[in-house]
Structures are given as structure tokens and as C-alpha cells.
Amino acid sequence: MKVLITAGPTVEPIDPVRYLTNRSSGKMGYALAAAAAKRGHSVLLISGPTSLEIPEGVDYLPIESAADMYQAVESQIGRHEIAIFAAAVADYTPAEVAGQKLKKTGDEMTLTLKRTKDILGSAREVMNFKGTLVGFAAETENILENARGKCLRKGCDLVVANDVSRQDIGFDSSENEVTLVYPERSEALPQDSKEHLAYHLMEVIEDVKAPH
Ligand code: PMT
């Protein structure tokens, strides 16, 4: 099958030398891309900047900002049967990008941010994606409830929920512990390496039938 995977952080410029980003290393998304390729799928990995090697046999589309990622997904998703959104996409971006390096002025400065477009939330209604849609949910509290809300609101077949308040899993660690949240039920998986988990997630995702 053709599988699109988003991974890594986005980078939102403030001026020519400064930006806003987050702690995503890309490990979870890259592990999924590697697992999907090993399982014989044709994989497109759309990724923000990371220090990881591109997994063997995977097509790679690098992006920087949330707006770049939106455009890349919008142009590619129609060619795919499965879309998995593991990227940590900025929810807000600077309202204006300064053309020149910002100078120090007073003791405080205010940066105005504006909402980015929700890529996962646009997959069904805006991009008209009919395939299997898998989101991630990075939560620090009410994990199941929040993840189920995301699953239903965004038309996902499955949301992979992780607790990002823990240091030993989630952002920038080698392991993860996730709960699979379907529209009707959920299933907690044990903590494992991102590589093992990704392989198991791909087995699970292949079996999810998109009813769209
Ligand atoms: O990269 P690693 O260091 O390995 O860390 C892995 C991870 C913690 C980043 C990963 O497991 C994870 O949880 N990814 C989703 C992070 C996130 O942004 O979650 P969220 O709950 O804020 O967003 C929900 C979903 O909407 C996600 O699928 C996200 O990709 C998507 N999203 C969010 C905002 C936006 N503007 N567009 C989106 O598509």
C-alpha cells in the first residue's frame, strides 16, 4: 500500500536568524517509516528538520514550517491509502516574520502568534482523504478523553496517544508507551522501543479498515 507519514518538529521563523520549534526528534515517525518500508509498503516521509538518517527505501520530502507541511500533505495525500501523522506541528506561528534581525529595544518584547492550519483536521473535509487516517495525540493530562476527542473531531480511524509529560517516553526518547484510541474503544500497549512499537503499529494500522 502507499503510506504517507509526517514526522519531526516544524520550525517557525521569527526573523532571519531566530525561530520557534519543539522537542520532537523525529524518532517515532522515522521508525514508522522504516517499519512500513520493511513491511513492503511504498512510503513517503514528510519531515521537519531532524538529525536522523532517512530510512532505506523511503521517499523523503523535507519541510520546515507548519505551512510547508500543510502544503506538502495537501499535494500528496490523495495518492496514498494510509496517512499517519506523527509530526509535532506548531499550533501557532509568528504573525509576521521580520525581514531583518530584530534589534534589542526595551526590557520586554511581545511576539504575536497566529494559529496554523490543522493538517490532520483538514485531511477528511478539506483534502477529501478517504483512506485510513491515523493521528497521534501528545497529551499531559486526561489522555484518553483528549485523544478520543481528537479522534472523533478529526475523523481519524485511530489515534495513537502518548503521555508527553514523562521524560522516559514520548518526545526525544528512544522508547514510547502508547494507547491505541479508536472511535469506540481503546487499548494500552506496554512501553517498548520506538522501533518495535512502530512495527507493531504498522501491523495494527494495516488491519484498520477505513469506512470512508
Ligand atoms: O519525534 P519524537 O521525539 O520521536 O517524539 C514523538 C512524538 C511525541 C512527537 C509523537 O509520538 C507524537 O505524539 N506526535 C504528535 C505530536 C503532536 O503535535 O500532537 P498534538 O496532540 O498536538 O496533535 C494531534 C495531531 O494533530 C497529531 O497527529 C499532529 O501531527 C496533528 N497536527 C497538529 C497540529 C497541526 N497544525 N496539524 C496537525 O496535523
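The values are calculated or read from the model by the stated rules, or taken from the named source; none is laboratory data. Computed from a predicted structure; not experimentally measured. Note that we place each Cβ from the backbone using ideal geometry, even for glycine, and neighbour counts take in every protein chain shown. Heads up: the accessible areas ignore ligands, DNA and RNA and are worked out on the full protein's heavy atoms, side chains in. Shrake-Rupley method; radii C 1.70, N 1.55, O 1.52, S 1.80 Å.
General remarks:
- For the condition touching a strand residue (DSSP E or B) at 6+ places or on another chain (Cβ under 7 Å) and either more than 13 Å from the ligand (Cβ to nearest atom) or more than 27 Å from residue 177 (Cβ to Cβ) (or both), residue 32 does not qualify.
- Scope segment 130-140; condition away from the ligand (no atom under 12 Å from the Cβ) and either part of a loop (DSSP other than H, G, I, E, B) or open to solvent by 30 Å² or more (accessible area, probe 1.4 Å) (or both); matching residues: 130, 131
- Residues located in segment 116-129, provided they are aliphatic (A, V, I, L, M) and either within 10 Å of the ligand (Cβ to nearest atom) or buried (at least 22 other Cβ atoms within 10 Å of the Cβ) (or both): 119, 120, 123
- Of the listed requirements (1) touching a strand residue (DSSP E or B) at 6+ places or on another chain (Cβ under 8 Å); (2) open to solvent by 10 Å² or more (accessible area, probe 1.4 Å); (3) near the ligand (Cβ under 10 Å from one of its atoms), residue 178 misses just one: (2).
- Qualifying positions in segment 43-93 - assigned to a loop (DSSP other than H, G, I, E, B), within 19 Å of residue 136 (Cα to Cα) and polar (S, T, N, Q): 50, 65
- Total residues in segment 185-197, condition under 16 Å from residue 159 (Cβ atoms) and in a helix (DSSP H, G or I): 1
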